[in-house]
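The values are calculated or read from the model by the stated rules, or taken from the named source; none is laboratory data. Quick caveat: nothing in here was measured; it's all calculated off a predicted structure. Cβ sites come from the backbone with ideal geometry, for glycine too, and all protein chains shown count toward neighbours.
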Amino acid sequence: MNLLLFGLLNIIGILLALVIGAALLTWIERRLLGFWQDRRGPNRVGPFGSLQVVADMIKILFKQDWIPPFADRYVFVLAPAVVMVAGLLGFAVIPVTPSIGIAGNWNIGVLFFLAMASLSVYSVVLAGWASNSKYSLLGGMRAAAQMVTYEVFMGLSLIGVVMLSGSFNLTDIVRAQRNIWFIIPQFIGFIVFLMAGIAETHRLPFDLPEGENELGAGFHTEYSGMKFGMFFIGEYIGILLTAAMITVLFFGGWEGPFLPPILWFMLKLSVFVIFFILLRAALPRPRYDQLMSYGWKVLLPLSLLNVVITGAVMLASGPAG
Amino acid sequence: MLSSIRTLWLTFLHLFHRSETVEYPEQMPYLAPRYRGRIVLSRDPDGAERCVSCYLCAVACPVSCISLQKTEDAGRWYPAYFRINFSRCIFCGFCEEACPTYAIQLTPDFEMSEYERHNLVYEKEDLLISGTGKYPEYSFYNVSGLAIPGKDKGEAEHERPPVDPRTLLP
């Protein structure tokens, strides 16, 4: 009974923290972008503008929930839900600390994360398809191609980590980094995973599916009100998820001296979230063919090379496997 | 690749720059004296209305937001009414350029929001100010050579008496 209560508390706590954190990120992002562009960002509502989130929420909830008459109604409604569900489910396998985390000790954690990351592609593709408008369709097609490309070596880049730690279990992966963070032996893997993670969350500079200048808003051109809000929050949950995965896989998760584990995790997580926002502030969007050729011709060979080198070093350094 | 990293770093450094924002309601921006804001009708140094209802401003206005009616009083022309619809006005300043008497002037004031649109239609009493605006010395009737009560032709500043065309002498 006590265990059940603890589990429920864990689930509800993480869910609430995620949704609230993702909503707050909209404000944090705008604020940071403001600073990086020598502006102030939203600073009027509440202390430092932090209640801007509430204002935005009230506004977006009271918007007319309009479905275009030419759209495929059911798929159109389903699409934004998929991105939320996939993002939130992906978080289930993240071990925040040894005790906080829903299924952090699951023996196929890495695979589950990859599966959920792939599932969120459906949301974008279905949205683009169901909208029945050319910009949305183009955005959806781009998203599909981009996701399929980057999915491949997102998985491959993690193989090095799995080889070193000898487990798909994320808690074990964190424990294996007690002596040395995996970013040092797995630097190439880290770079590739970072790129793939940005592409998976379709954030700038890889946000071609929603490139404003050429596609209107890409796959969510036809969306408005809270359904658009779901895509928006889903994107931020994606950022949080990717940042959390980077933390767990390459930066030793909750491990760290002096501070309690949860603070270490939050600290590392926020560094990567801020880095994601910095990427948006600084880098322009590549051309679509550049994006694809970069993926297939640079990152895929790089991740394969990483697997080979990791294997060779492990073989040479001792009877590990 | 290296240039991307450099861009990231340079953008990050902007965190420590001062922001360029002028936080408007608390911190008023500087507006140049010739800023094109709210339109006023000015008076000449004697306190009389400068506007002579020549209609040039109404003609020059590209959005036709000025409407006025001429009336005459003791040899002088006045506008009987003078109306500017500020919900139409684009603050281009063409009326100011067209005005031969410096009567219509744009001022550095833009805070004229209203909750109801018809309140943006300014009548003559709303537009008329008590001062001379940007040209403190200028008085149209003192330089134009027109006869008005109390001043005949040729009696104004820098004027000579009019030439009599019927005489042969210079």
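The set of residues from segment B:34-49 being in a loop (DSSP other than H, G, I, E, B), out of contact with any Pro (no Cβ under 6 Å at 6 or more places or on another chain) and at pLDDT 90 or above comprises B:Arg36, B:Arg38, B:Ser42.
B:Ala80 meets the stated requirement of being under 18 Å from B:Asp126 (Cα atoms) and assigned to a strand (DSSP E or B). Each residue in segment A:31-56 was checked for being surrounded by 18 or more Cβ atoms within 10 Å (Cβ to Cβ), within 15 Å of A:Tyr236 (Cβ to Cβ) and within 14 Å of chain B (Cβ to nearest Cβ), and 2 pass. Only one of the numbered conditions (1) at positive phi; (2) under 16 Å from the mean Cα position of the chain (by Cα) is not met by B:Ala74, and that is (2). The residue that is surrounded by the most Cβ atoms within 10 Å (Cβ to Cβ), among those in segment A:228-259 that are outside any helix (DSSP H, G or I) and free of Cβ contacts under 8 Å to residues at least 40 places away in the same chain, is A:Gly256.
For the residues B:Ala48, B:Ala32, the requirement of being among the aliphatic types (A, V, I, L, M) and surrounded by fewer than 11 Cβ atoms within 10 Å (Cβ to Cβ) singles out B:Ala32.
Looking only at segment B:1-22, residues that are surrounded by 10 or more Cβ atoms within 10 Å (Cβ to Cβ), part of a loop (DSSP other than H, G, I, E, B) and at the interface with chain A (Cβ under 7 Å from one of its Cβ atoms) come to 3 in all. Working only within segment B:136-153, note down all residues that are under 23 Å from B:Asp73 (Cβ atoms) and either in a loop (DSSP other than H, G, I, E, B) or among the hydroxyl-bearing types (Ser, Thr, Tyr) (or both). Those that are under 23 Å from B:Asp73 (Cβ atoms) and either in a loop (DSSP other than H, G, I, E, B) or among the hydroxyl-bearing types (Ser, Thr, Tyr) (or both): B:Tyr138, B:Ser139, B:Tyr141, B:Ser144, B:Gly145, B:Leu146, B:Ala147, B:Pro149, B:Gly150, B:Asp152, B:Lys153.
Checked against (1) within 20 Å of A:Phe231 (Cα to Cα); (2) touching a Phe, Trp or Tyr at 6+ places or on another chain (Cβ under 8 Å); (3) touching a residue at least 24 places away in the same chain (Cβ under 8 Å); (4) not in a helix (DSSP H, G or I), A:Lys63 meets all criteria but (2).
For beta carbons closer than 9 Å, sequence separation of 6+ or different chains, a first residue in segment A:284-307 that is surrounded by 14 or more Cβ atoms within 10 Å (Cβ to Cβ) and modelled with pLDDT under 90 and a second that is of a type in the set (Lys, Arg) and part of a loop (DSSP other than H, G, I, E, B), the qualifying pairs are A:Leu291/A:Arg285.
Close contacts from segment B:132-146, counting a first residue that is surrounded by 19 or more Cβ atoms within 10 Å (Cβ to Cβ) and a second that is assigned to a helix (DSSP H, G or I) and β-branched (Val, Ile, Thr), with Cβ to Cβ under 9 Å and a gap of 6+ residues or different chains, come to none at all. Please indicate, with yes or no, whether at least one residue in segment B:39-61 is farther than 30 Å from B:Ile148 by Cα, of a type in the set (D, E, K, R) and more than 14 Å from chain A (Cβ to nearest Cβ). Among the residues of segment B:39-61, not one is farther than 30 Å from B:Ile148 by Cα, of a type in the set (D, E, K, R) and more than 14 Å from chain A (Cβ to nearest Cβ), which makes the answer no. Condition check for B:Glu72 on (1) part of a loop (DSSP other than H, G, I, E, B); (2) surrounded by fewer than 11 Cβ atoms within 10 Å (Cβ to Cβ); (3) away from every other protein chain (no Cβ under 14 Å): one failure, at (1).
Taking segment A:87-117 as the range and being closer than 20 Å to A:Gly160 by Cβ and surrounded by fewer than 20 Cβ atoms within 10 Å (Cβ to Cβ) as the test, the residues that pass are A:Asn107, A:Ile108, A:Leu111, A:Phe112, A:Leu114, A:Ala115. Tally time: how many residues in segment A:18-29 are without any contact (Cβ under 8 Å) to a residue 60 or more places away in the chain and surrounded by fewer than 19 Cβ atoms within 10 Å (Cβ to Cβ)? Of the residues in that region, 2 qualify.
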